[in-house]
Amino acid sequence: MSAAPLSDVNHVPDEALAALDAFGEGHLRGDPPPVRERLRSDLRLRIDPTGDGRTARCRFETEHARAPPTLRDRGSFLATYVDGVDDGLRAWGIEPPEAYEYAETVDGWHRYVGTLRLP
């Protein structure tokens, strides 16, 4: 089983797309690798399997002066990155959350988290 190519996803760097593909393929084999990618200078992506085989924790980290309640509240330009990641996950049958919610700030990086539902 293979997912649709992600090369047409806007804004998301090729390295991040490859990491999403590796995660999706790894899930099908039963050993999804964690994802650690920089989407732009002020935006990072982290995905970790929870170990139950049904979910994974997805975290975006953003460096910005404010921390609104959800990541997409930061504006439409940043939302295009989030949408690109979510589309890449959906290509593998992984369902992202409705929203990535603010969780905490660590060393100036605001963390937004959500639970991914794996196929």
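To the nearest 20 debye, what charge dipole does the chain have about its Cα centre, counting +1 at the Cβ of each Lys and Arg and -1 at the Cβ of each Asp and Glu?
Rounded to the nearest 20 debye, it is 200 debye.
Could you quote the convex hull projected area for segment 26-119, Cα atoms only and averaged over all directions, in nm²?
Average of the hull's projected areas for segment 26-119 equals 5.8 nm².
Determine the sum of side-chain charges near Leu116: Lys and Arg each +1, Asp and Glu each -1, restricted to other residues whose C-beta is under 11 angstrom from that of Leu116.
+2
Share of antiparallel DSSP beta bridges in the chain, in percent to the nearest 5?
100
I want the local charge near Glu98. Using Cβ-Cβ distances under 12 Å, sum +1 for each Lys or Arg and -1 for each Asp or Glu among the other residues.
So the surrounding residues net to -1.
Computed from the coordinates by the stated procedures, all read-outs in this text should not be read as laboratory data. Note that this is a predicted model, so its numbers are computed, not measured. All Cβ positions, even for glycine, are placed from backbone atoms using ideal geometry, and neighbour counts span all protein chains on display.
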